[in-house]
Amino acid sequence: MLIYDKFFEIAEKQNLDLEELRRIFSPRTVYRLESGGEISVYVINKICLILNCQPGDFMEYIDD
């Protein structure tokens, strides 16, 4: 299972609050990131572009 806990840490360091994240990525995407849901490669690319990071910086695989 993929978790995205580090996403919110990186966003906070760049002064992006939840409201701003919902405007940039959509409320549904932010909810999926919060709950560990599935996100598309398009969203992963957008996160990397906006936060200037690599996928491994905000995604982590945890064995169920």
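The values are calculated or read from the model by the stated rules, or taken from the named source; none is laboratory data. All values reported here derive from a predicted model rather than from experimental measurement. Quick reminder, even Gly has a Cβ in these numbers, built from the backbone with ideal geometry, and neighbours come from all protein chains shown. Remember, those area values only see protein heavy atoms, side chains included, never the ligands or the DNA or RNA. Shrake-Rupley method; radii C 1.70, N 1.55, O 1.52, S 1.80 Å.
Can you tell me which of (1) open to solvent by 60 Å² or more (accessible area, probe 1.4 Å); (2) in a helix (DSSP H, G or I); (3) without any contact (Cβ under 8 Å) to a residue 40 or more places away in the chain is the one N15 doesn't meet?
Condition not satisfied by N15: (2).
Please report, ordered by residue number, the helices (runs of 4 or more DSSP H) entirely within the stretch 18-63 with at least 2 residues that are open to solvent by 100 Å² or more (accessible area, probe 1.4 Å).
Values: elements: 18-25, 27-35, 41-51, 55-58.
Helices (runs of 4 or more DSSP H) meeting the threshold: 18-25, 27-35, 41-51.
Which ones in the stretch 1-12 are open to solvent by less than 90 Å² (accessible area, probe 1.4 Å) and in a loop (DSSP other than H, G, I, E, B)?
Across the stretch 1-12, the qualifying residue is only Y4.
Do any residues in the stretch 21-46 that are acidic (D, E) have Cβ atoms under 7 Å from those of residues that are part of a helix (DSSP H, G or I), where the two are at least six apart or on different chains, and which pairs are they?
E38/R32
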